[in-house]
Amino acid sequence: MSQDENHDGRVPLTATRAVSVFGISVVGFMTANLVPVMIVALTGELGFSDTGAGSLMTGSLLACAVACLGTSRWAAANGRYLVARIGLVLTAAGFGAAALIPSAPVVVAGVLIGGLGAGGAVSAGGAALGALRNPDRASGISGFTNRAVVSVVLFVIPVLGAGMGSAFGLLAGLALAALFTTAWLPNRPSRPVTERTEVSTPAKSPRTTTLAGIGLLACFAVWALSEDSLWAVAATMGADHAQLDETGMGLVLSLSTLGGLIASALVGLFGRRLGRTVPLAVALVAGAALKFSSGLVTDPGLYMAVIVAWNTIYMLAFIYIVATAAALDAAGRWSAPVLGVYLVGSSFAPFFGTLVSTAAGYNVLGFVLAGMTLVLTVPLLMISRISVDIEKTDAAYASPDINKAAIV
């Protein structure tokens, strides 16, 4: 058996593993990215009200989050293949039915079932991410893949016509395609390195690692709330506070996507050479400063620059937080639920963002969101350092020259 095929530790990223892990993760998280066009399809083709369509998509996202969290322990153990397959089948069946059967009850059931299935795909892909070496690089490539695929899909849907067939049918087709790649998912290590070393390494005791993992999930949910609250009001803030028109906001969306692609590509290319804790610290502090600035600037050009820069920094922080979750445990105990808790925080963001901005103004919203980020910076950096130590121990144990008895 070659070193690359030794599942007693993290495994290298190969073409087949990349297609499977990143493809399944992208499909699982695609619902969140397609919410705007799905709402357009529901209101335009089936006559849903704006509130009804928005509520249905919120229900689908919450179903995705619940399914992700509910299956994460199973996916991190020995069930990731089954979780992925069931999830993708439900995603294809649910969204496929919504696309093909123009009946309100069928569409409602299909969208909710599709959301549940997507949650299983997210947890399986997230758990598999933990099995890959160099979590920073793997998370960067995953982020780049997600942005690139979403950009293509968002370009194709208007070309096909933003109806039920394109908005929901395209996602169902992608889920079916991803179903054929599930066998390429990397399995959990036969016995994760952390299980062997935690008992004798005080800095990485089971209690420390568990607290770090729980803390990371809690921080990520609150961070998602702070980030997506700004995004939820970005258009209205731009119009009311900086006189930004629809054309300008469209340019912001395009440049934000480009910024995210560049940020994720940099992490994917350079990976470990950039480190983890320092870039995460820079991204969090810079993100807080940009969120604070967003509520102050009134010039449309400057507002566009602030929002684009914030979106680019957001992607960097997102990648490094996911990488931290993957590095904490090779079996994927924390990377499996990490996107699920993000969706939980994100689900409440529109309510929180509009509530604060309406009650206290955009200046106060920017101050509140920046403060939330700065408070989260300290625990996130501490957890990042713990993840680096664990990853180094994993790498040392996997080395053929190391004396395993000296570690355990």
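So which of Gly94, Gly143, Gly125 is at pLDDT 95 or above and out of contact with any strand residue (DSSP E or B) (no Cβ under 6 Å at 6 or more places or on another chain)? Write out each step before concluding.
Details: Gly143 fails: at pLDDT 95 or above; Gly125 fails: at pLDDT 95 or above.
The unique qualifying residue is Gly94.
Conditions tested, residue by residue: (1) closer than 22 Å to Ala67 by Cβ; (2) out of contact with any helix residue (DSSP H, G or I) (no Cβ under 9 Å at 6 or more places or on another chain); (3) of a type outside the set (Val, Ile, Thr).
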{"residue": "Val89", "(1), (2), (3)": "yes, no, no"}
{"residue": "Gly117", "(1), (2), (3)": "yes, no, yes"}
{"residue": "Phe144", "(1), (2), (3)": "no, no, yes"}
{"residue": "Ala148", "(1), (2), (3)": "no, no, yes"}
{"residue": "Val153", "(1), (2), (3)": "yes, no, no"}
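So that you can scan it fast, the table gives a plain yes or no per residue for (1) at pLDDT 90 or above; (2) not in a helix (DSSP H, G or I):
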residue: Gly44; (1), (2): no, no
residue: Gly47; (1), (2): no, yes
residue: Gly52; (1), (2): no, no
residue: Thr58; (1), (2): no, no
residue: Ala63; (1), (2): yes, no
residue: Ala67; (1), (2): yes, no
residue: Asn78; (1), (2): no, yes
residue: Leu82; (1), (2): yes, no
residue: Arg85; (1), (2): yes, no
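Reported count of residues in the stretch 372-399, each being more than 10 Å from Thr324 (Cα to Cα), among the basic types (Lys, Arg) and modelled with pLDDT of 90 or more, is 0.
Taken together, the residues in the stretch 128-143 that are touching a Lys or Arg at 6+ places or on another chain (Cβ under 7 Å), outside any loop (DSSP other than H, G, I, E, B) and of a type in the set (A, V, I, L, M, F, W, C) amount to 2. Inspect all residues belonging to the stretch 50-63 and state whether any of them is out of contact with any strand residue (DSSP E or B) (no Cβ under 8 Å at 6 or more places or on another chain), in contact (Cβ under 8 Å) with a residue 60 or more places away in the chain and aliphatic (A, V, I, L, M). Yes; the residues of the stretch 50-63 include at least one that is out of contact with any strand residue (DSSP E or B) (no Cβ under 8 Å at 6 or more places or on another chain), in contact (Cβ under 8 Å) with a residue 60 or more places away in the chain and aliphatic (A, V, I, L, M). Criterion applied to Thr247, Thr324 was being among the polar types (S, T, N, Q), out of contact with any Pro (no Cβ under 7 Å at 6 or more places or on another chain) and surrounded by fewer than 24 Cβ atoms within 10 Å (Cβ to Cβ), and the one residue passing it is Thr247. Inclusion of Ala235 among residues that are modelled with pLDDT of 80 or more, part of a helix (DSSP H, G or I) and under 28 Å from Val375 (Cα atoms) is warranted.
Results for (1) in a helix (DSSP H, G or I); (2) modelled with pLDDT under 95, shown as yes or no for each residue.
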{"position": "Leu284", "(1), (2)": "yes, no"}
{"position": "Ala327", "(1), (2)": "yes, yes"}
{"position": "Gly332", "(1), (2)": "no, yes"}
{"position": "Ala336", "(1), (2)": "no, yes"}
{"position": "Thr358", "(1), (2)": "yes, yes"}
{"position": "Ala370", "(1), (2)": "yes, no"}
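Could you go through the stretch 156-167 and let me know if any residue there is surrounded by 18 or more Cβ atoms within 10 Å (Cβ to Cβ), within 18 Å of Leu339 (Cβ to Cβ) and assigned by TED's automatic domain parsing to the domain that holds Thr91. There is no residue in the stretch 156-167 that is surrounded by 18 or more Cβ atoms within 10 Å (Cβ to Cβ), within 18 Å of Leu339 (Cβ to Cβ) and assigned by TED's automatic domain parsing to the domain that holds Thr91. Condition first: within 20 Å of the chain's Cα centre (by Cα) and more than 19 Å from Pro36 (Cα to Cα). Now tell me which residues in the stretch 244-257 satisfy that. Matches in the stretch 244-257: none. Taking the numbered list (1) surrounded by fewer than 18 Cβ atoms within 10 Å (Cβ to Cβ); (2) part of a loop (DSSP other than H, G, I, E, B); (3) modelled with pLDDT of 85 or more in turn, Ala177 passes all entries but (2). Answer yes or no: is there a residue in the stretch 98-113 that is outside any helix (DSSP H, G or I) and of a type in the set (A, V, I, L, M). Yes, some residue in the stretch 98-113 is outside any helix (DSSP H, G or I) and of a type in the set (A, V, I, L, M). Filter the stretch 339-351 down to residues that are among the hydrophobic types (A, V, I, L, M, F, W, C) and at pLDDT 90 or above and give me whichever is nearest to Ala218 (Cα to Cα). Restricting to residues being among the hydrophobic types (A, V, I, L, M, F, W, C) and at pLDDT 90 or above, the top hit is Val341.
Could we say that Ile157 is modelled with pLDDT under 90 and either touching a Leu at 6+ places or on another chain (Cβ under 7 Å) or assigned to a loop (DSSP other than H, G, I, E, B) (or both) here? Before the answer, list the steps.
Working: modelled with pLDDT under 90: yes; either touching a Leu at 6+ places or on another chain (Cβ under 7 Å) or assigned to a loop (DSSP other than H, G, I, E, B) (or both): yes.
So Ile157 fits the description; yes.
With respect to (1) crowded, with 18+ Cβ neighbours inside 10 Å; (2) in a helix (DSSP H, G or I); (3) touching a Ser or Thr at 6+ places or on another chain (Cβ under 8 Å), the lone exception for Ile262 is condition (1). The residues on offer are Ala77, Ala32, Ala67, Ala84, and the sole one that is surrounded by fewer than 17 Cβ atoms within 10 Å (Cβ to Cβ), within 23 Å of the chain's Cα centre (by Cα) and small (Gly, Ala, Ser) is Ala77.
The values are calculated or read from the model by the stated rules, or taken from the named source; none is laboratory data. These numbers come from a predicted model, not from an experiment. Cβ sites come from the backbone with ideal geometry, for glycine too, and all protein chains shown count toward neighbours.
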